[in-house]
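Everything below concerns the one structure shown next.
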Amino acid sequence: MAIGRIISGQSLNEQEETFNVSLRPKSLDECVGQGSVREKLAIAITAARQRSEPLEHILFYGPPGLGKTTLANVVANEMGARIRCSSGPALVKAGDVMGLLSNIGTGDVLFIDEIHRLSTTVEEFIYPAMEEFRVDFTVDSGLHAKTINFPLKRFTLVGATTRAGLLSAPLRSRFGMLYHLEFYDSEELTKILSRSAELLDLHCEEGTLELIADRSRGTPRVANRLLKRVRDYVQVKGSGVLSIGIVQSALEMEQIDPLGLDELDRAVLRALVTVYDGGPAGIDAIAATLGEERDTLEDVVEPYLLQIGFLRRTKRGREVTKAACEHLGLKLHKRKSKKDSDQPELFEQSEK
Ligand code: ADP
């Protein structure tokens with residue numbers, strides 16, 4: 001059974017997409033955080049504009065919801081270029097890419113999300129497109145097959161991935177700029193939230209946005225989603241104004257704890273303790289125990305738990321830390337030696 005979660009950072013439904021698009025910053029100045037990435041981008045954009053040249057290809061990588069798509073749109077906006085968007089799994093055949101590339105103008109941005117999921121055929125097809133702005137496209141098949149060398153306009157490919165490690169070396173090396181996006185601190189998230197609250201015409205008492213920011217696991221998409229849940233709650237159960245008490249009640253209802261962990265995070269940690277004696281346990285085994293997708297655990301759950309020191313990644317698998325046990329109220333006991341007990345126990349549970 002998969003556990004639904006507010007903090008997935010993935011699979012936006014239509015309503016959330018509309019909500020997010022309207023909150024998405026359009027210029028570099030409107031973006032909050034990621035100081036060093038923004039600075040490098042600003043320099044590259046200014047230099048390219050001064051030379052009237054398209055930007056080099058850019059790869060953004062990092063956990064979901066940190067702003068990869070947003071930055072791709074910002075780059076296009078700042079360059080005064082059009083953006084065409086697709087994603088790795090959607091581009092199956094060379095013809096799918098050809099459809100996109102043949103319509104692209106000079107300086108336009110081609111954004112490919114989840115670029116690590118491109119098929120090898122498509123990947124090899126886009127190498128010459130990225131490097132020499134031409135593609136060899138085969139039309140017809142069998143005896144009548146012929147290859148047409150198709151020149152392209154000089155475009156900028158912006159790739160986004162949650163798993164830079166899965167990108168093949170040849171594809172990786174064709175990007176001129178590779179930027180890792182970091183989790184946001186509480187102050188940055190509060191700024192993002194106050195911009196969003198203003199756009200949504202929300203009235204907030206002092207300290208309320210900080211409270212939401214602290215529970216947003218360093219991720220703007222989570223922050224905006226929580227704000228939306230709180231907005232609904234306040235509208236139905238409160239006076240329309242965000243107060244500390246009502247925000248706390250709304251977050252409690254969503255089962256978001258003071259560190260921003262939700263039921264799935266807690267389930268992962270609990271499974272490690274109760275089923276795997278604290279670990280190490282393989283990610284596939286944990287995913288199978290919880291009935292979740294391995295990708296969801298790796299992309300969405302793990303990065304934050306690693307970041308806050310609740311999980312350790314070792315060669316033999318994932319291990320829970322003492323800090324995580326303390327947070328969950330699981331008592332950590334040293335494994336008894338074999339001679340003390342025939343059935344050694346790592347942890348004794350006394351969950352809060
Ligand atoms: P990703 O592509 O990395 O999954 P997105 O670009 O879709 O993440 O970002 C998710 C949402 O978070 C956006 O819709 C936007 O509202 C917000 N967001 C992301 N980065 C920023 C930022 N730097 N400043 C303000 N809001 C941001």
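The values are calculated or read from the model by the stated rules, or taken from the named source; none is laboratory data. Bear in mind the structure is a predicted one, so any value in this text is a computation, not a measurement. Ideal geometry is used to build each Cβ from the backbone, glycine not excepted, and the neighbour counts take in all protein chains shown. Note: accessible area is taken over every heavy atom of the protein model, side chains too, but ligands, DNA and RNA are not part of it. Shrake-Rupley method; radii C 1.70, N 1.55, O 1.52, S 1.80 Å.
Key figures
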| read-out | value |
| --- | --- |
| Residue within the stretch 90-97 that is in contact with a Lys or Arg (Cβ under 6 Å, 6 or more places away or on another chain) and loosely packed, with under 13 Cβ neighbours inside 10 Å present | no |
| Hits in the stretch 217-227 (condition: near the ligand (Cβ under 10 Å from one of its atoms) and closer than 16 Å to residue 33 by Cβ) | 219, 220, 221, 222, 223, 224 |
| Residue list for the stretch 55-72, restricted to those being open to solvent by 30 Å² or more (accessible area, probe 1.4 Å), more than 8 Å from the ligand (Cβ to nearest atom) and out of contact with any His (no Cβ under 6 Å at 6 or more places or on another chain) | 56 |
| Unmet criterion (only one of (1) of a type outside the set (Gly, Ala, Ser); (2) within 19 Å of residue 210 (Cβ to Cβ); (3) modelled with pLDDT of 95 or more) for residue 286 | (2) |
| Residue match in the stretch 286-296 (condition: among the acidic types (Asp, Glu), assigned by TED's automatic domain parsing to the domain that holds residue 327 and within 16 Å of the ligand (Cβ to nearest atom)) | yes |
| Matching residues, the stretch 201-223, being farther than 12 Å from residue 260 by Cα and in contact (Cβ under 8 Å) with a residue 40 or more places away in the chain | 202, 220, 221 |
| Check on residue 36, at pLDDT 95 or above and either within 23 Å of residue 127 (Cα to Cα) or within 13 Å of the ligand (Cβ to nearest atom) (or both) | yes |
| Of residues in the stretch 73-89 being surrounded by fewer than 19 Cβ atoms within 10 Å (Cβ to Cβ) and of a type in the set (D, E, K, R), the one farthest from the ligand (Cβ to nearest atom) | 82 |
| Residue count for the stretch 170-189, restricted to those that are polar (S, T, N, Q) and within 12 Å of the ligand (Cβ to nearest atom) | 0 |
| Those residues of the stretch 190-215 which are away from the ligand (no atom under 14 Å from the Cβ) and among the small types (Gly, Ala, Ser), in sequence order | 207 |
